[in-house]
Structure formats: structure tokens, C-alpha cells
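Every read-out reported here was derived from the displayed coordinates using simple, explicitly stated rules and does not represent laboratory data. Computed from a predicted model, the values in this text were never measured in an experiment. Virtual Cβ from ideal backbone geometry, glycine too; neighbours counted across all protein chains shown.
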Amino acid sequence: MLTEWAAAADPVICLRRISKSYHEGGRQHQVLEALDLEVARGQALALLGRSGSGKSTLLNLVSGIDLADCGEILVAGHALHALAERQRTLFRRRNIGFVFQFFNLIPTLTVLENIQLPLELNGLEDAGRARRLLADVGLTGREDQFPDVLSGGEQQRVAIARALVHEPALVLADEPTGNLDAETGERVIELLLERVRERGKTLLVATHSLEMARRADRVLRIEGGRLAEATV
């Protein structure tokens with residue numbers, strides 16, 4: 001159920017006093033501590049921080065892949081902390097799109113089949129929508145090719161199309177340019193932001209890219225388990 005505070009603000013992401021720790025080598029490692037965060041609908045937010053600072057952990061919590069030790073997580077009005085694992089999986093499938101550093105395309109599926117996969121998982125059949133997105137990312141004519149013949153930048157463009165095809169409320173990106181050269185990475189940043197903004201989606205991207213941060217609507221830095229507004 002939506003809290004009174006969340007309903008009034010109507011953000012896509014609401015985090016209240018979120019903490020997360022892991023056991024490592026017999027010790028408790030505190031990754032995130034008492035985080036509060038609101039991300040407005042249609043906003044592109046860049047999350048900066050050194051490797052191991054908790055950026056990916058935060059994305060996993062927002063997506064419902066992982067659970068916080070304590071606190072409340074609301075995404076698109078749904079209290080993820082109150083859902084069972086199966087319910088979180090279904091919510092993620094319907095409401096969240098993912099773009100990863102290593103693309104995570106399925107090698108045995110063609111480009112078009114990879115893009116269509118979120119539609120099929122949601123019981124939808126709309127090859128036309130998938131083809132239109134393929135054209136949007138500049139890969140018309142590559143429908144029947146397999147990912148291994150594409151360049152890294154082309155694979156990431158396919159991943160962006162796949163993340164948007166089911167019209168999710170939220171797009172999460174984890175180092176989407178980290179496996180690309182600088183020039184290709186800049187093109188992918190431009191494409192990702194352009195497509196997300198065109199469709200009025202909310203974007204949360206964990207990144208080391210200052211170019212991505214400069215072009216985002218907001219920038220946060222995570223350090224010592226805490227979040228702070230940042231400028232670049």
C-alpha cells in the first residue's frame with residue numbers, strides 16, 4: 001500500500017531509512033546506512049561512487065532483486081519490502097527495464113528475439129513495437145543476426161531497446177558504458193538519455209562516467225554508505 005507521504009509526492013522511487021550489510025570473512029560489512037531518496041517521475045539520476053561503494057547494491061534493492069536489512073522501498077507505488085519473492089519478480093518483469101555493463105544479451109536468440117523477450121515474459125505479442133525500437137536505435141536490418149556478430153556498442157543499443165520495449169516505469173542501468181571505448185560510450189549515453197526522456201521514463205544509472213553525470217538531471221554520490229547530492 002502506498003504511504004501517505006509517497007502518495008503526496010508521487011515519486012517513482014521512494015527510499016526511507018534503507019540499510020544493507022553483508023557478511024564477509026566472518027565480519028559484518030555495512031554497505032548502505034539509513035539512506036533516504038526520492039526520484040521524480042521522468043527524472044534521470046546518475047549515481048557516482050568508487051567501485052565497491054554500494055552502487056550496484058542500491059540498484060539491486062530498488063529492483064527487488066535483493067532485500068534491505070531495514071527500511072521501506074516503494075517503486076511506482078509498490079512497497080517492495082512487503083512483497084514475497086515471486087511478487088517482486090513479477091513486479092520487476094512488468095515495471096523495470098535493465099541495461100547492464102556486459103549487455104546480458106542471450107547468445108542463442110537473435111537481435112529481434114532478445115528485444116521481444118520482455119514482451120513475451122509479460123504475455124504480450126508485439127513484433128511491430130520491437131522492430132520500431134530496433135529502428136530507433138539504428139539497427140534496422142540486423143533483426144536476424146546473433147549478438148556475437150555485433151560490436152559492443154551495437155549490443156548495448158540492443159540492450160537499451162530491450163529495456164524499453166515493455167514500457168517500464170523505471171529504467172535501471174549499471175555501468176552501461178563501462179565495457180565500451182570512450183567514443184562509443186558517449187554515443188550510448190546520448191542514445192539512452194534520449195530514448196528514456198522521449199518516453200517519459202525515470203532513469204537511475206550507476207556510473208563512473210562524468211559525461212553521463214553531466215547530462216543527468218540530478219547527480220548523487222555514494223560514499224561511506226551514505227548518499228549526497230553532487231556536482232560535476
>> Given the range 87-134, report the % of alpha carbon pairs whose separation exceeds 16 Å.
In response: 46
>> Using the Cα centre of the chain as the reference point, and only Cβ charges (+1 on K/R, -1 on D/E), how large is the resulting charge dipole? Debye, rounded to the nearest 20.
In response: 340
> Roughly how many Å is it from the Cα centre of the range 63-132 to that of the range 188-222, as a whole number?
Replying inline: 19
>> Please list, in order along the range 171-182, the HN-Hα scalar couplings obtained from phi with the Karplus expression 6.51 cos²θ - 1.76 cosθ + 1.60 (θ = phi - 60°), rounded to whole Hz, x for Gly and Pro.
In response: 10, 10, 10, 10, 6, x, 10, x, 10, 10, 5, 4
>> At 222 nm, what value in deg cm²/dmol follows for the chain if DSSP H runs of at least 4 each add -39500 (n - 2.57) and the sum is divided by all its residues, to the nearest 500?
In response: -10500 deg cm²/dmol
>> Taking the square root of 5 times each eigenvalue of the Cα gyration tensor, what semi-axes in Å does the equivalent ellipsoid of the range 2-122 have, largest first?
In response: 25, 21, 14
>> I want the antiparallel fraction of DSSP beta bridges within the range 83-232, as a percent rounded to 5.
In response: 30
>> Give me, ordered by chain and number, the residues 5 or more places off L35 or on other chains with an amide H under 5 Å from its own placed amide H.
In response: R17, I18, S19
> If you average over every viewing direction, what projected area does the convex hull of the Cα atoms of the range 139-194 give, in nm²?
Replying inline: 4.3
> Along the charge dipole of the range 122-232, which of H208, G224, Q145 sits closest to the positive end, that is, farthest toward it, with unit charges on the beta carbon of Lys, Arg, Asp and Glu (+1, +1, -1, -1)?
Replying inline: G224
> Relative contact order (percent) for the range 174-231, with alpha-carbon contacts under 8 angstrom and 6 or more residues of separation?
Replying inline: 30
> On the first, second and third principal axes, largest extent first, how far apart are the outermost C-alpha atoms of the range 107-158 in Å?
Replying inline: 30, 22, 16
> Among H166, F102, Q155, whose Cα lies farthest out toward the positive end of the dipole of the chain, if unit charges sit on the beta carbon of Lys, Arg (+1) and Asp, Glu (-1)?
Replying inline: H166
>> Counting each pair of different Cα atoms once, what's the Kirkwood radius of the chain in Å, rounded to one decimal?
In response: 18.1
>> On C-alpha positions alone, give me the angle between the axis of helix 85-95 and the longest principal axis of the chain, in degrees, nearest 10.
In response: 50
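Kindly give Rg over Rh for the range 93-218, based on alpha-carbon atoms, with the Kirkwood expression for the hydrodynamic radius. Before the final figure, lay out the partial values.
Details: Rg = 13.4 Å, Rh = 14.3 Å.
Rg divided by Rh gives 0.93.
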